[in-house]
Structures are given as C-alpha cells and as structure tokens.
Amino acid sequence: MRLLTCFTTFALVGLLTAAPSLSDDDKLVITKEFYVQDFIKYKSDHDIVKLLVPLNSLNFDEDDSRSSESNEVDTDIIIFFVEADVQPDGSYIDKGLYVLKEGKAKKLLGNGRDAAASGDSSRKVFFAAKDGLYVYNPATNSAEKYGTITDSIVGIAKEKEGDVIYILTEGREVYKVSDNGEKKELLEDVVKAKKIVLDYESNLYFYSDDNVPYVRTGDGVKKIEGLPEVSGKVTLVKPPFFFEDGVPFVTGNQLYVIYSNGTSELTPIEFQSDTLPTAYAPEAGLIQYYAYDKKIYEYNILALLLGTVIEELGEFLNQKSTDINTIASKHESLKRKIKS
C-alpha cells in the first residue's frame, strides 16, 4: 500500500495527462506534456525554487461546500513560494518569498528563502530569511519577525504540532528552535546538511555532500539503504499529508520513497532530464502544485475526476476510482481533524 499511495497521489497528475491505455505495469515517464497550459497558476520572471501548501486552518478552516452531488471544487488554496535566480553552480540569488492568495501574488520578504507550516488547528506559517525567522500575519497578509534568531537561514521545517521548528543555516548547521523562537539547540549529529525535510512523525531527513539521504529519529541518525548510486540532481520533497514516516526522494530522475526505518522503495515514476520540477508541493493530496520553467502549475485532482478538464479520460479514471476515493476519504479526515 505504501507504493500504491505514493503512486496514486504523487503521480496521478501525470496519469491524468497520459494515454488512457497506460497499464498498471508500465513505468510512467513525465514528459513536457505533463505541464498543461490550462493548469498554470502563476508566471514569474525568476525560477521558483520552493513551494508550500499549509495544511492547517489557514487553508482548511471553512466548511466544505462541495457535496457528492455537486461539481464544485474548492480551489481557494493559499500557497507560499520562493523565487531565485539559479546559478551554474546551483547556488541561488534571492528574489523574494511570496504568498499567492485569491489569485494574486504578493512579495512578503525580499530575502525570504523557505517556508514551513504547522499541521494543527493554528494558522501559523514560518519563513526562513537571510536575517532570521518570520511568521505570517493572515490579518495583514504580511510577514513579521519571529523570535530573536538572526542567523542566515536557507531551510526550515516545522513539526506538525507545538512550536518546535528546525532551521538549516547558511553555514549548513541544523538547529532545533523552540520557546517562540527564543531558544535554539544545535543538532550535532546532522553534519553539513544541504536540505532538510520532516515527516509527520517528526523524523528529520537530510542529505549532505555525498547527496545520500539520512534520517534522524529518536534512535539517532541512519543512512537510507536500497538506493542506487546517487547521480545528478537530488531533492527531498515534503510528503503528502497521509504519509506518516516517509518522504519522497528524487535521484537520477527517479522517484523513491524513503522511510524512517532506513529503507527505501522505488516508485514507477521517472522524469525526463529536462522535465524535473524546480519545486514540489504535493502536501494536500487532491490539489497539488509543481513549479517548472518559471511557472506554478495547479493539478486539481477532483476537478479532473469530475470531468471539468479532460473528459476523455473518464474510463481510465474509473479504473483508478477505488484508490482515488481512498485518498479523498483521508483528505476529508484531515479537514475534520484540523477543525476539531
């Protein structure tokens, strides 16, 4: 079921634009046709290098007006993204952190570099910036300084509940931040990290100079096994909300799922070398966002299922309806949990 869950959620958007004759045993290769013009949500003059869909009351607080008899799908999702100019060596020149709300983009921080949100009933979203931490103010649609930390931060991850935040500094050190941003503790066993991601059990995944992923749990740090020799670009992806102890990992254009017990699992998803997204946001499951070629694409799975976009795929989607309905049920459970 782990493999099926990842395949259905993370790759369904690709299946929706693929040929209906694709069999369950085929490998799905993501081509440029994956990026449908009608799905563009935002266009930029710069590369989009980070995406975040908050899975808390900021997005899931209102009543879901869509019924089983209605073709309405709620797409009023607030997302955050980071723009940068990517240099030949892979480094970034900051171009700002933005919020996309009600179809309008607003720059919140000129030196913002990453964003993370709680997964509880709060509306909190936190930002990593060159001069420390910030928090989102929904009332004013702005960013405000959070705590006393002044480190130059390039990465951030937030535990699902509580106030614990993990930050990755420009010096490639990882700290656990608590007490409303007033206290930070160095994680000495996370060495020279390049990127960090948390799963929903608060296990920390990272990779460093060898580009091999590791996971830090209550039992310490362990290397993820079962992966091929790492080649090309690698990235860790924030997981869909119903993942508990694993995160997606892309290496050599192939998508894997890596788990907190140190194991890994190959998925049937492969990207062509020129179609790798520059940022991923599959967190919400049924509404997913990917950045590619300076654009943000929104893949509304429910709208596609209801035939508002690609009617000719109806027969193919019916074959997948059991898996999709399972995800839909979990999506509704998430909303009920957040509201409670």
Please turn the phi angles of region 41-56 into ³J(HN,Hα) values with the Karplus equation 6.51 cos²θ - 1.76 cosθ + 1.60 (θ = phi - 60°), one per residue in order, whole Hz, x for glycine and proline.
9, 7, 10, 10, 8, 10, 5, 9, 10, 9, 9, 9, 10, x, 9, 10
Find how much the distance from Gln37 to Ser231 grows on full extension, using 0.36 nm per residue of separation minus their present alpha carbon separation; answer in nm with one decimal.
66.8 nm
Rounded to the nearest 10 Å², what accessible area does Lys41 have for a 1.4 Å probe in the complete protein model?
80
As an exercise, find the ratio Rg/Rh for region 249-288 from alpha-carbon atoms, using the Kirkwood inverse-distance average for Rh.
1.00
With an 8 Å cut-off on Cα pairs and a minimum separation of 6 or more residues, tell me the relative contact order of region 88-216 in percent.
14
How much of Arg123 can a 1.4 Å solvent probe reach, expressed as accessible area in Å² and rounded to 10?
100
Kindly provide log₁₀ I(q)/I(0) values, in the same order as q = 0.17, 0.19 Å⁻¹, from the Debye equation applied to equal alpha-carbon scatterers of region 102-210.
-0.77, -0.95
Place a point 7 Å from the Cα of Glu170 in the direction of its beta carbon; the residues of region 135-160 whose amide N falls under 16 Å from it are 149-156
Rg/Rh for region 155-250: what does it come to with C-alpha atoms and Rh from Kirkwood?
0.95
With a 30 Å threshold on alpha-carbon distance, the violating pairs from Lys194/Lys294; Lys27/Lys95; Lys27/Lys104; Lys195/Lys295 are Lys27/Lys95; Lys27/Lys104
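The values are calculated or read from the model by the stated rules, or taken from the named source; none is laboratory data. Just so it is clear, the model here is predicted, and its values are computed rather than measured. Every residue, glycine among them, receives a Cβ derived from its backbone with ideal geometry; neighbour counts consider all protein chains shown. Accessible surface is based on the protein model in full, side chains and every heavy atom, while ligands, DNA and RNA are left aside. Shrake-Rupley method; radii C 1.70, N 1.55, O 1.52, S 1.80 Å.
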